[in-house]
Amino acid sequence: MFGLDKVDTRTFLFVVAITLLAPFILNPFPSESALAQFNAGYPDLMQRFVIFGIFAIGFNILFGLTGYLSFGHAAFLGVGSYAAVWMFKLLSFNIVPAIALSIIVAGLFSLVIGYICLRRSGIYFSILTLAFAQMSFAMAYSVLSNPSFNLTNGETGLQVYASDPQYLKGNGPDNTHLFGLEMNSTATLEIGAWAFQFNIGFYVCAAFMIAAFYIAMRIFRSPFGLMLRAIKTNQTRLNYTGLNSRPYMLAAFVISGMYAGLAGGLLAATDPLAGAERMQWTASGEVVLMTILGGAGTLLGPVLGAAFIKYFENIFSKINDTVLHTWFSFMPESIENFLVAIIYPFVGKGWHLTLGLMFMLIVIFLPGGLVDGGMRIWNRITGKNRTQADPVADPKPAE
Amino acid sequence: MGILEIKDINKRFGGLQALGDVNLSVEEGTVHAIIGPNGAGKSTLLNVLVGKLEPDTGSVTFEGRSILGLKPHQINQLGISRVFQTPEIFSTLSVFENVMIACFAKRDGAFQLNPLASISNEKDIHEKVEQMLLDVNMADKRNDIAASMSRGDKRRLEMAMCLAQDPKLLLLDEPTAGMARADTNNTIELLKEIEEKRGITMVIIEHDMHVVFSLANKITVLAQGTPIVEDVPSKIKGNPKVQEAYLGGAHE
Ligand SMILES: Nc1ncnc2c1ncn2[C@@H]1O[C@H](COP(=O)(O)OP(=O)(O)OP(=O)(O)O)[C@@H](O)[C@H]1O
Ligand SMILES: [Mg+2]
């Protein structure tokens, strides 16, 4: 089906089902229970899951297949956001032209940066991409924001003001929308103690993510994808086999740049502003973490990694010492204080610490990422030995 | 004029004259062997032919056109394939995928942007790969990961990749090194068959004289970067210069 083989079709339908049912799956605890704070089924977070899923899927086409580690992909995401907000300012809050432009601009931007950075490989390539992204950040933060020429609105970030022309707005909504369907409108379904939220913005982003996943899947199974994997293994052999690795790399770079642009455009579509911090190196590092954590070179890994990190960032960071004290309040006071003291550094503001530890554990013990771990557990349970359920999975870390 | 003409090639590595005034003409449809002691410059000569090294002076023409300065992939697309001394294969990919890449390169050229095409729809490529694997006796290993194979098998795989491209000129750098006797004999049979059926011109570097004398129509002896003798196999054996080169080489 859809030009995919049986296993791939099943994987794809699985992703579609999980994504569409996310408002249920991510909301397992009743609203009033103590565990409700672990629910992730609210619009803002769910949007982030799928948007960063797109970002990581695209990054994986470059890093997972070719092994070229870009440390500057956030630049393309940022550029996508700026492009989208400009469309809101000039045309209207309809997200279609905004997203189209984010993809195009990010594609062109990555074409230029990729052309230059791909003159080198290995660590030099990574450093070049990092340098370019930091330059873009600096430009967005200050250079391109001055009274005579204000493209990015500097520190404040680009946003839509009432004085903006919005030539095509007419009587359209005052919020981002898809042909009138407002992105922030949410329907709530209450079943017993549970409240499930269905948000237009989430479903629009989810549709994009499903499309992005499908295209990535096709790329993985195409001759083009095979050449990208060949580059990762032995670029010399590829060249002596009559293939020019340069345009293959550039195409992979641009495709992944366009994915980042789409993610940036969607970020703006759900919340119409764009700031320079989206281009910062920490943001570029985050997508690297997502991909490696989930499983570089696997199909599902990046999506899983993105959801995992965003969940930590938003849920663990909210657990403060008051919350901890209520959890352990049934214990004697001294033990309660002791437990809180031990756990506290790892939650709340310390969530980075937990994430860092988990990242280390995964890289050391599960070089294939969460997907690899899941596969091992699955094999243990079923007693089967399906080491290669995903034939593209390559559990070796990239060099 | 031969299909490959090498004229006055010189190549220095610092103080070492790796190639000195090399002149060589390879006739179309023949097997031309290059022999010589270790360090004679045999692999260096092949490196010049495939665009890995630029010579300091001299010219190389293939089918009448100069190939100096071309990129490796361009030279390959002209019809020159090389089997390396240490196997160069896609070690994390399967045997099947390795050969498939060579088939795509032959059919689609140096670059093809087809990210949405499906490999499983490429019936003709699949058939060609199957056929190639049968030819080199590797059909049973089609799903093995290349890195997991013996050195001899890796070499056979590399040969299959080169042959899958139907090259006009095949450069073989010690194709039987690391192979068991039986595999060596199979390789000789395979190369003989290729030469007879498809008429592919070959340049073969080999230390195993059994291989050389079974295949070569002509032999060039290289010593310290310079060809010292070029003759038909029957006249090479007794040539005193050749024996001296090998003994001299062994002393160094
Ligand atoms: N890239 C290089 N840089 C410096 N020296 C080199 C380089 N390549 C080869 N050499 C030197 O040139 C000489 C010829 O090397 P070459 O590999 O061509 O020998 P060979 O005839 O293939 O020997 P063997 O039978 O051992 O493969 C050697 O002394 C080698 O060390
Ligand atoms: Mg050699």
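Calculated from the alpha-carbon coordinates, the range B:89-166 shows an Rg and a Dmax of 12.1, 36 Å respectively.
Roughly speaking, what is the stretch gain from residue A:24 to residue A:37, that is 0.36 nm per residue apart minus the C-alpha to C-alpha distance, in nm to one decimal?
Extra length available between residue A:24 and residue A:37 comes to 3.2 nm.
For the range A:140-182, what percent of Cα pairs sit more than 18 Å apart? Don't skip to the end; give the middle numbers.
Working: 398 of 903 pairs.
Counting pairs separated by more than 18 Å, the tail of P(r) holds 44 percent.
The simple spin-label model puts a point 7 Å past each Cα toward its Cβ; for residue B:231 and residue B:71 those points are separated by 4.5 nm.
Each Lys and Arg Cβ is given +1 and each Asp and Glu Cβ -1; about its Cα centre, the range A:166-314 then shows a dipole of about 920 debye.
Between the beta carbons of residue B:85 and residue A:100, assuming R0 = 56 Å, the FRET efficiency works out to 0.60 to the nearest 0.05.
How much length is gained on full extension from residue A:376 to residue A:156, taking 0.36 nm per residue of separation minus their Cα-Cα distance?
74.5 nm
In a simple Cβ point-charge model (Lys, Arg +1; Asp, Glu -1; nothing else charged), the range A:39-281 has a dipole of about 1240 debye relative to its Cα centre. Just so you know, the Rg over Rh for chain B is 0.98, from Cα atoms, with Rh as the Kirkwood radius.
Sort B:15-26, A:77-88, B:54-65, A:92-103 by the packing proxy (mean of other Cβ within 10 Å over each peptide's residues), most packed first. Could you put the intermediate results ahead of the total?
Values: B:15-26: 17.8, A:77-88: 28.9, B:54-65: 14.9, A:92-103: 21.8.
Output ranking for B:15-26, A:77-88, B:54-65, A:92-103: A:77-88, A:92-103, B:15-26, B:54-65.
A straight line joining the Cα centroids of the range A:1-59 and the range A:148-179 runs 30 Å. The C-alpha atoms of the range B:6-83 occupy a region whose extents along the principal axes are 34, 25, 22 Å, arranged from largest to smallest. The range A:264-316 and the range B:1-68 have Cα centres lying 53 Å from one another. In the protein assembly as shown, the calculated helix contribution to ellipticity at 222 nm averages -16500 deg cm²/dmol per residue, counting -39,500 (n - 2.57) for every DSSP H run with n ≥ 4. Per residue of peptide B:84-94, the mean number of Cβ atoms on other chains within 10 Å of the residue Cβ is 4. Return the FRET efficiency for the residue pair residue B:63, residue A:123: r is the Cβ-Cβ distance, R0 is 45 Å, and the value is rounded to the nearest 0.05. The calculated FRET efficiency here is 0.65. Entry note, the range A:321-387: relative contact order of 16 percent, from Cα contacts under 8 Å with a spacing of 6+ residues. With the highest mean first, a sort of the peptides A:221-227, B:147-153, A:127-133 on other beta-carbon atoms found within 10 angstrom per residue produces A:221-227, A:127-133, B:147-153.
Partner chain Cβ atoms within 10 Å, averaged over the residues of A:7-14 - can you pull that number for me?
Averaged over the peptide's residues, the number is 0.
When the Cα atoms of chain A are aligned to their principal axes, the ranges along those axes come out at 70, 62, 43 Å in descending order.
Within 10 Å of each Cβ in peptide B:64-74, how many partner chain Cβ atoms are there on average? Round it to a whole number, please.
Taking all residues of B:64-74 together, the mean is 2.
Values in this text are rule-based calculations from the coordinates and carry no lab data. What you see is a predicted model, and the numbers here were worked out from it, not measured in a lab. For neighbour counting, all protein chains shown are included, and Cβ atoms are generated from backbone atoms with ideal geometry for every residue, glycine included.
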